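The values are calculated or read from the model by the stated rules, or taken from the named source; none is laboratory data. Model, not experiment: these values are computed from the prediction. Ideal geometry is used to build each Cβ from the backbone, glycine not excepted, and the neighbour counts take in all protein chains shown. Areas reflect the complete protein model, heavy atoms only, side chains present, ligands, DNA and RNA absent. Shrake-Rupley method; radii C 1.70, N 1.55, O 1.52, S 1.80 Å.
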Amino acid sequence: MTRAPAPNPRHLLARISLMSLLLAAGAAPTAVQAQTATKLKVGLMLPYTGTFAALGTAIENGFRLQLAETGGKIAGREVEFFKVDDESDPSKATDNVNKLVKRDQVDVLVGTVHSGVAMAMAKVAKDSGTLLIVPNAGADAVTGAMCAPNIFRSSFSNWQPGYAMGEVVAKKGAKKVVTITWKYAAGDESVKGFKEAFEKGGGQVVKELSLPFPGVEFQALLTEIAAAKPDAVYTFFAGGGAVKFVKDYAAAGLKKSIPLYGAGFLTDGTLEAQGDAADGLFTTLHYADSLGTPRDAAFRLAYAKTYKLQPDVYAVQGYDAAQILAIGLNAVKGDVSKKAEFAAAVEKSKIDSPRGLFSLSKAHNPVQDIYLRQVVGKENKLVGVASKALTDPARNCKM
Ligand code: PHB
C-alpha cells in the first residue's frame, strides 16, 4: 500500500497565513463573488457551413454588436465564447451540444438555426438545466411540448409567419393553394400554420409538395405546380436553398402566372443573390428593412458600420438573444444559478428590439407583430402589419 506523502509544513504554513490575512481583511470571497468574477462562458452553437452558413454568421454578428454596446460585458462579467459549427445536422446535434455543456461547461447556450438541431439542444438544456436562448430555429416544440423555465427564444415559432400569411392570402381571395417546402419540422410547421389560417379564411390547400432538407432539386416539383394551376403557392425555404428556389421559380416562368408567397425567410439576407427573380414577392415576418423607427435606424447604422453589411432578421434575433441574456443576468447580478429569478425578470420585461417592442409569452416565445413585406429592389419593404401581437398557441406547453 502506498501512503500519501506527508504535507510539506512550509506550504501548509504559507496557506494558513494567506487565509488568515484574507479573513483579517474581510476579503474571503463568497461563492457568488467568486462566480461573477470569472468570465461568463457563452456557447454559440450555429451553422457556419452549409445552406444556413450566412444565417449563423449574422446571428453571431448581432449578438456581438449588442455585447459591444454594453462595453463587452454582461452584468459586469467579461464574456468568453465557445463555438461549435452544428452544420445544420440533427444527427450530430446531441454530440455537438454536449461538447459545449459537458466539455466546455458553458453558462449559457445560444443556438441554433435549424429546427431539428434546436430540438436536440432543447432536450439537453432541459435535462441539464443549462440556460438556452434560441436565436432562430422556429420548432414549435421548443416553446411547446419541450418548454422549460430555462429555455427562451428571441426569434419566432414556425407557426407564426405561416399563420399570418394564411390570413393574408385568404383575404387576397385565393381559393386553391399548393405548398412547397423542405420535409422537416420547420417546413412542415410553417405550412401547417399557413393552412390553419388559410382554411379558416375559406381557402383550401390542394397539394403539399416537399423535398428532403437541404435539397435544391426543384424542377420536378415546379412541373407539378404548373400542372396543378393553383391560385397561389405558399413556401418555406431559407438561406442558400431560398436563393435557388426563387430563381428557379422565376426561370420556370411561374412567377408571372402563379403568385408566390412565403414566410419572410424566403427573401431575408438573400436579395443580393436573388436579383430580379425576387422582385415584387410578398412575405410575412417579424422584421422588415424599412421600419423607419429611430431604434431600428440606429441598429442598422451600427451594424452596417461594424460589419460592412446590411443587417437582416437573423442579425436582429442574435442581437435580441444578447438583450434577453443581459436582462436576465442583470436581475441576478451575473449569478446564472438563480434560474427562477432570471426567468421572472425576462418574463416581465419588454424587449427593445429593432423589430419593435416585444415581450415573451408564458412559454418564452416572442409575442410580436408580424409584418407584410414586399421586395422592392434590394429591400423587404414594409407594407403593413399582417398580424398584431401574434401569440404562438404554445400547444402542449406545461409550465
Ligand atoms: C428552422 O429550421 O427552424 C429555420 C431555419 C431557417 C430559417 C427559419 C427557420 O430561416
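Whenever a residue of the stretch 100-122 is without any contact (Cβ under 8 Å) to a residue 40 or more places away in the chain, its partners that are open to solvent by 10 Å² or more (accessible area, probe 1.4 Å) and assigned to a helix (DSSP H, G or I), lying with C-beta atoms within less than 6 angstrom and at least six residues away or across chains, give the pairs A120/T94.
Which one is farthest from T267 (Cα to Cα) among residues in the stretch 237-247 that are open to solvent by less than 10 Å² (accessible area, probe 1.4 Å) and not small (G, A, S)? That would be F245. Looking across the stretch 331-364, the residues that are under 17 Å from L40 (Cβ atoms) and out of contact with any strand residue (DSSP E or B) (no Cβ under 8 Å at 6 or more places or on another chain) come down to A331, V332, K333, D335, S337, K338, E341, A345.
Residues satisfying the criterion are absent from the stretch 61-75 (criterion: within 13 Å of the ligand (Cβ to nearest atom), open to solvent by less than 10 Å² (accessible area, probe 1.4 Å) and either part of a loop (DSSP other than H, G, I, E, B) or among the small types (G, A, S) (or both)). From the list A297, A315, the one residue that fits, being within 25 Å of L281 (Cα to Cα), among the small types (G, A, S) and without any contact (Cβ under 8 Å) to a residue 12 or more places away in the chain, is A297.
Since Y234 meets every condition but one in (1) within 16 Å of the ligand (Cβ to nearest atom); (2) assigned to a helix (DSSP H, G or I), which condition does it not meet? With respect to (1) within 16 Å of the ligand (Cβ to nearest atom); (2) assigned to a helix (DSSP H, G or I), Y234 is out only on (2). Being within 15 Å of the ligand (Cβ to nearest atom), at pLDDT 95 or above, more than 30 Å from F342 (Cβ to Cβ) and of a type in the set (V, I, T) is a property that V191 has.
Would a scan of the stretch 365-382 turn up a residue that is among the aliphatic types (A, V, I, L, M), open to solvent by 40 Å² or more (accessible area, probe 1.4 Å) and in contact (Cβ under 8 Å) with a residue 24 or more places away in the chain? Looking through the stretch 365-382, at least one residue is among the aliphatic types (A, V, I, L, M), open to solvent by 40 Å² or more (accessible area, probe 1.4 Å) and in contact (Cβ under 8 Å) with a residue 24 or more places away in the chain. The one condition from (1) outside the structural domain of G71 (by TED's automatic domain parsing); (2) away from the ligand (no atom under 13 Å from the Cβ); (3) closer than 21 Å to G56 by Cβ that K308 does not meet is (1).
Scanning the stretch 82-98 for residues being away from the ligand (no atom under 16 Å from the Cβ), open to solvent by 30 Å² or more (accessible area, probe 1.4 Å) and assigned to a strand (DSSP E or B) gives a total of 2.
Against the criterion of being farther than 24 Å from N158 by Cβ and within 18 Å of the chain's Cα centre (by Cα), G356 does not qualify. The set of residues in the stretch 292-322 that are of a type outside the set (F, W, Y), open to solvent by less than 60 Å² (accessible area, probe 1.4 Å) and within 20 Å of the chain's Cα centre (by Cα) comprises D296, R300, P311, D312, V313, A315, V316, Q317, G318, D320, A321, A322. Criterion applied to V106, V79, V101 was being in a loop (DSSP other than H, G, I, E, B) and open to solvent by 10 Å² or more (accessible area, probe 1.4 Å), and the one residue passing it is V106.
Consider the stretch 241-260. How many of its residues are away from the ligand (no atom under 16 Å from the Cβ) and either among the aliphatic types (A, V, I, L, M) or more than 15 Å from L222 (Cβ to Cβ) (or both)? Looking only at that region, the number is 6.
Restricted to the stretch 278-370, the set of strands (runs of 3 or more DSSP E) holding at least 3 residues that are farther than 23 Å from F236 by Cα and of a type in the set (A, V, I, L, M, F, W, C) comprises 356-360. Scanning the stretch 143-169 for residues that are hydrophobic (A, V, I, L, M, F, W, C) and within 9 Å of the ligand (Cβ to nearest atom) returns a single hit, F156. No other residue among A263, A250, A277 is at pLDDT 95 or above, among the hydrophobic types (A, V, I, L, M, F, W, C) and open to solvent by 30 Å² or more (accessible area, probe 1.4 Å) apart from A250.
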